[in-house]
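Step one of this worksheet: look at the structure below.
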Amino acid sequence: MKVRLIVVFLLFISGINAQTIDVKAFKWNLLSDTVSVKNINPSDVYMALLSKRVVDNPFYRGNEDSLQWVGHHDWTFDTEFSLADSILHKENIEMVFDGLDTYASVFLNDSLVFQTDNMFRRWTTEVKPLLKRQNSLKIVFRSPYKVISEKRDEGLWPIPYDYGYVRKAAYQFGWDWGPTFVTCGIWKPAYLHAWNHVKINDFFVKQNRVTPLLGELELSLSLEASQRGKVTVQVYRDSVLLREESVILHEGVNQYLMYDNIVAPELWWPNGMGEPHLYHYKAVVRAENKTSDSIIIATGLRNIEVVQRTDSVGKSFYFKVNGVPVFAKGANYIPPDNFLPRVTDGKYQQIIADAKDANMNMIRVWGGGTYEKDLFYKLCDKNGIMVWQDFMFAGNMYPGDLAFMANIKQEAEESVIRLRNHPSIVLWCGNNEIDEAWHNWGWQKQYGYSKKDSAKLWNAYLEIFENVLPAVVEKYTSGTFYWPSSPSIGWGRQEAYKQGDVHYWGVWWGRAPFENYEKKIGRFMSEYGFQGMPEMKTIEEFTLPEDRRLESKVLNVHQKHPFGWEAIREYMERDYPVPEDLEDYDYVSQLLQSEGVGMAIEAHRRAKPYCMGTLYWQLNDCWPVVSWSSVDYYGRWKALHYTVRRAYAPAIVSFDEKGDSIEIWVVNDNLKSGKAKLSWKLMNFSGALLKEADRQIAMKANFSQIGFAIHNRLLTKYDSSSVFIHARLTDSNDSLLAETNHFFAKPKNLKLMNPDISVNLKKVTGGYLLFLKSNVLAKDVQLSTAANGFFEDNCFDLLPNEEKRVFFKTGAKLSSADVQLKTLNEILRAK
């Protein structure tokens, strides 16, 4: 371990601990030209108005449209507060806003202290000269629509969509899964920070080199001193003191550098590959024998590579962690609410738990939302969830003037510096779909761009995404990979499937059949998906009984895609019966979504190592809506999320019909090889065994292989709509590793019988164990109950005369009669 210090000599006078005062805890008032309310939380204007019943629940029924006036008004938040002498006597008092959304003028005691123009930046300034015992604070938020109108009228940057003029979360302006709520407020922590002598601005653990044998780390501590003087610096790793020494700081910012070499370090691994070990570093700065400031960070040691190697087809694209190729399994993540200040820590914990429980190892933070709060990334660190992190640019061109460039450069620097210690962040991506849009979406013709306009906009694109952002990532991280745009090539071009990442939207946008998922496979599938309705409990949250019919006015408000209902019905007609009853339609829509996305995931995993990543669109919702999510706004799992958990399991069995052959694949993401038994049974829906076979296979580590190839003449004497194959994979101890069913007809053509399903309950710790059994095949069994709780498995096939156990986590009292069942059998028989 070595230490290097950059210092200039002189001495401090005196000092005590720093103090922080929560500005948002003051009593705030809110006013505009038409509204005045007192004693509100200043985090969000909509939530403030809702708390005083000035507006109704924005998510209820069709309230969205009637509340658009809020975003078009200017709003003033003001408060008064007193300060004790112990605060006022501090050498330095800074006013800090971690986030102001977005165009704010901040007045302290009638003096303008700063003006803001970026939701994603941190704003801080010294205010000690302005403070006294009694103080006033006023923040005037200007409507973003007014700023946008001015920018548009200038005509200097004719961008496709207005939200590109402002550095504000794009999804607030509406998306094809989200409402339009252009809000404002103090959306992140705000405080007065009073300190003497020295404070810690940043603590960076840079990973210069990490191997299983040695971790070579550079620890950089940014110390800001109000005057020159001597301090004591202590640095700990996992509570063990690494270094304690007296150093001399000069006035201003100082860099304290030291090196920490860890022999045989415990490495950070993605979920499913090992433990995501974290080291905890603490730095303490003391002046005059009193702690002036301290900071604790947690980081994991890992070596991340993005491998792009030329091969016979094109160029690979995959992540290698600690020398091991990783098949990325995950989803795209959007902001969990339109009103982010009300998102609880518990909701973040549940989102990441849902991802981990579904065997995910990666989440892509989409570029039309926000850089998430620290807790989100801490949870990803702790749970081994890799993060593909977009910068906040999506689906638009952006201005290229000097002021805009300076603004986004500062935004990028602050965001990268804040997040760079998180081992979960494995890639920074410049934007979402802008390169593809520019080259494939016809903007030049649609918006009538001249050659001069086109060159101007494209040059601005190149400056932002090929110069500014990669330079920031290179300068401020431990070599994190930068990718300019996702996808790298549009899905309509064949080369998109040979290199880079691809967003495949031939299914849904192109109305291609689900079977195309098995053909259109790229090197890394970073977007694809299909819509499904949320469960009826969620629909009941935002509707009245009269709204609960297909394509009612209220349901249409909560379906944001221009042809969403049309697409769902078209695909449903292809593969499933189409119920008229809303509850049944809801159920079948979830099966449809599950079928399509599940088919895609299995195809991508079978294609390993050609394809090395699959991130479906999308994990979560920002409000109750018909969307591509697998978990709805209230945290309720759709059928898709249960399917994802099975499809992302470490080992899976998957079928692929090719010509005259039925291939049974075994995909193993485990890092150890081993012997296993693969067996299959051809059965009819009554459970009669028609054919069977099994064999021992050498299951290769981190590999995909064919376990059986069955000629389809096997089916010639059977009705293909009345039989299915059940395949199982077991280990050398006969423990189940994976199982699946394969059907030879579309669901709507299956000749399913009427099942007699028994349900018995046993009270156990934390809930109930359900014992289910059916006399015939019960397909796509959906369990539900009025009680609040969580079924650990759902939307599964119940094999004839085989008992299945399902745990229901709940604190409620339950009986067998409280459990409702829905099956595809009954939907088909009703038709």
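The values are calculated or read from the model by the stated rules, or taken from the named source; none is laboratory data. What you are looking at is a predicted structure, and each value in this text was computed from that prediction instead of being measured. Note: ideal-geometry Cβ built from the backbone for every residue, glycine included; neighbour counts use all protein chains shown. The area values use the complete protein model at the heavy-atom level, side chains included, leaving out ligands, DNA and RNA. Shrake-Rupley method; radii C 1.70, N 1.55, O 1.52, S 1.80 Å.
First compute the accessible area of region 432-568 with a 1.4 Å probe, then give the percent of it belonging to carbon and sulfur atoms. Write down the numbers at each step before the final one.
Details: 2830 of 5740 Å².
Heavy-atom surface of region 432-568 belonging to carbon and sulfur, 1.4 Å probe: 49 percent.
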P(r) of region 279-327 over all Cα-Cα pairs, binned every 5 Å from zero, in whole percent
5, 15, 13, 12, 10, 8, 7, 8, 8, 6, 4, 2, 1, 0
Hey, can you rank 416-426, 124-134 by average C-beta count inside 10 Å, highest first?
416-426, 124-134
Tyr161 versus Asn440, label points 7 Å from Cα toward the beta carbon: distance in nm?
1.6 nm
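What's the long-distance tail for region 237-373, i.e. % of Cα pairs beyond 25 Å?
Percentage above 25 Å: 53.
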Label points 7 Å out from Cα along the Cβ direction at Asp33 and Phe563: separation in nm?
4.2 nm
Debye calc, one equal point scatterer per Cα of region 169-254, no solvent, log10 I(q)/I(0) at q = 0.17, 0.20, 0.24 1/Å comes to -0.86, -1.00, -1.24
Check which residues have an amide H placed less than 5 Å from Leu690's amide H, if you skip close sequence neighbours.
Leu682, Met683, Asn684
Backbone HN-Hα couplings from phi across region 72-87 [Karplus 6.51/-1.76/1.60, Hz, Gly and Pro as x]:
8, 9, 7, 9, 10, 9, 9, 7, 10, 8, 10, 10, 6, 4, 4, 7
Counting all C-alpha pairs of region 343-402, share separated by more than 14 Å (%):
60 percent
At a temperature of 4 °C and a viscosity of 1.567 mPa s, determine how fast region 139-182 diffuses translationally according to Stokes-Einstein, using the Kirkwood radius over alpha-carbon pairs as Rh; express D in µm²/s, rounded to the nearest whole number.
114 µm²/s
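Multiplying the sequence separation of Asp110 and Glu91 by 0.36 nm and subtracting their Cα-Cα distance, what value in nm do you get?
Between Asp110 and Glu91, full extension yields an extra 4.6 nm.
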For the chain, what does the helix formula give at 222 nm: sum of -39500 (n - 2.57) over DSSP H segments with n ≥ 4, over the residue count, nearest 500 deg cm²/dmol?
-5500 deg cm²/dmol
With every protein chain kept in place and ligands, DNA and RNA left out, what is the accessible area per residue of the chain? Probe 1.4 Å, answer in Å².
40 Å²
Each label sits 7 Å from Cα toward the beta-carbon; between Leu214 and Asp734 the label points are separated, in nm, by 5.2 nm
Counting Lys and Arg as +1 and Asp and Glu as -1 over every other residue whose Cβ sits under 14 Å from the Cβ of Leu379, the net charge comes to -1
Summed side-chain charge close to Gln410 - residues other than Gln410 whose Cβ falls under 14 Å, Lys, Arg +1, Asp, Glu -1:
+2
At 4 °C and 1.567 mPa s, grab the translational diffusion coefficient of region 745-831 from Stokes-Einstein with a Kirkwood Rh over Cα pairs, rounded to a whole number in µm² per second.
96 µm²/s
Contour minus end-to-end for His277 and Asp694, with contour as 0.36 nm per residue of separation and end-to-end as the Cα-Cα distance?
146.1 nm
Computed D for region 644-801, Stokes-Einstein, Kirkwood radius over alpha-carbon pairs, 37 °C, 0.692 mPa s, to the nearest µm² per second, is 189 µm²/s
Using only the Cα atoms of region 76-180, each taken as one equal point scatterer with no solvent, compute I(q) by the Debye sum, divide by I(0), and report log10 of the ratio at q = 0.11, 0.17, 0.23 Å⁻¹.
-0.47, -0.85, -1.24
Nearest-0.05 FRET efficiency for Ser454 and Gln494 at R0 = 22 Å, using Cβ-Cβ distance, is 0.30
Less than 20 Å from a label point 7 Å out along the Cα-to-Cβ axis of Gln820: which backbone N atoms in region 545-559 qualify, by residue?
545-552, 555
For region 549-652, place one equal point scatterer on every Cα, skip the solvent, and apply the Debye formula. What is log10 of I(q)/I(0) at q = 0.10, 0.16 Å⁻¹?
-0.31, -0.76
Over 18 Å between Cα atoms, which of Lys315/Lys498; Lys52/Lys188; Lys608/Lys677; Lys90/Lys132; Lys329/Lys675; Lys24/Lys90 qualify?
Lys52/Lys188; Lys608/Lys677; Lys329/Lys675; Lys24/Lys90
Quick one, what does Rg over Rh come out to for the chain if you take C-alpha atoms and the Kirkwood Rh?
0.99
Give the Rg (one decimal place) followed by the Dmax (whole number) of region 29-87, computed from C-alpha coordinates and expressed in Å.
14.3, 51
For a label point 7 Å along the Cα-to-beta-carbon line of Ala745, residues of region 811-831 with backbone N under 16 Å:
824-831
Contour minus Cα-Cα span, Ile262 to Asp719, at 0.36 nm per residue, comes to 158.1 nm
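So which trypsin sites (Lys or Arg not before Pro) in region 712-747 are both in a DSSP loop and have at most 11 other Cβ atoms within 10 Å of their Cβ?
Details: sites: Arg713, Lys717, Arg728; in loops: Lys717.
Filter output for region 712-747: Lys717.
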The answer for the net charge of residues other than Lys168 whose Cβ lies under 14 angstrom from its Cβ, with Lys and Arg +1 and Asp and Glu -1, is +1
